[in-house]
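Every number here is computed from the coordinates shown, using simple stated rules; none is lab data. Source: prediction; values computed, not measured. In this analysis, Cβ positions are derived from the backbone assuming ideal geometry, glycine residues included, and neighbour counts consider all displayed protein chains.
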Amino acid sequence: MDSKTHRPELGVKRPGRPAVDRREEILDAAQRLYEQIGFEKTTMGDVARELGMSPANLYRSFPNRQAIDEAIAGRSLSSIEDRAWIEARAVRPASEALPALSRAVLEEMMLRLFSQQRMHHLCAVAAREQWPVVKTYMQGLRGAVRHVIMEGQRSGELIQADPERLADTVCAALTRVWHPQMVEAFVHEGLADTSDRLCELILSGLKK
């Protein structure tokens with residue numbers, strides 16, 4: 001039997017996800033609408049009309065509005081995490097790296113989440129309702145902190161202790177200036193100075 005007879009014909013469309021992945025395009029359109037009218041007022045139909053596509057095609061990329069909300073919040077939080085890793089990987093003493101990392105996370109969060117009130121509201125809801133993307137974000141920051149600690153230990157600057165436990169402790173202390181919900185609550189209370197003071201206190205316990 002000719003095995004070619006069982007191969008799918010080229011160009012034949014299959015049911016399911018479209019051949020062209022439009023998820024990023026959909027997220028861009030949804031985010032524009034969120035910034036214009038708010039994420040709670042935006043419907044799947046609004047997003048489909050913005051793109052000139054049918055709701056059915058939209059649902060092939062995202063099963064529901066919650067999935068779009070989480071993906072947009074995740075993109076914003078991921079950009080903050082990326083900034084944290086840039087600071088963590090810079091070659092410098094841990095005593096400089098940790099305060100710079102903490103400040104960078106806070107600054108990036110203020111820029112990306114709090115300069116646009118409606119996007120801020122989306123991420124605040126994500127934090128309050130403990131969406132998985134927020135947990136992923138905090139885990140990413142923990143990884144960046146662990147990297148700083150391990151580099152400080154390798155250079156002899158910091159005490160030799162379990163870096164995993166130390167990273168957990170440091171992140172717990174910095175939650176005040178890193179977690180979207182906490183930043184929302186204390187946004188008018190000089191968080192940059194709070195970040196510096198927390199890092200100074202943390203480093204006093206980590207240095208040899």
Item checked: Criterion (within 18 Å of Leu122 (Cα to Cα), touching a Ser or Thr at 6+ places or on another chain (Cβ under 6 Å) and touching a residue at least 12 places away in the same chain (Cβ under 8 Å)) met by exactly one of Leu77, Leu27, Leu33 -> Leu33
Note to self: I need the full set of residues from the range 127-149 which are aliphatic (A, V, I, L, M) and either within 24 Å of Thr194 (Cα to Cα) or in contact with a His (Cβ under 7 Å, 6 or more places away or on another chain) (or both), in order please.
What the structure shows: Ala127, Val134, Met138, Leu141, Ala144, Val145, Val148, Ile149
Next item on the list: For the range 51-99, name all the residues that are of a type in the set (Asp, Glu) and either farther than 26 Å from Pro132 by Cβ or surrounded by fewer than 14 Cβ atoms within 10 Å (Cβ to Cβ) (or both).
Entry: Asp82, Glu96
Notebook entry, point to check: Going by the structure shown, is Ala100 assigned to a helix (DSSP H, G or I) and free of Cβ contacts under 8 Å to residues at least 60 places away in the same chain?
Noted result: yes
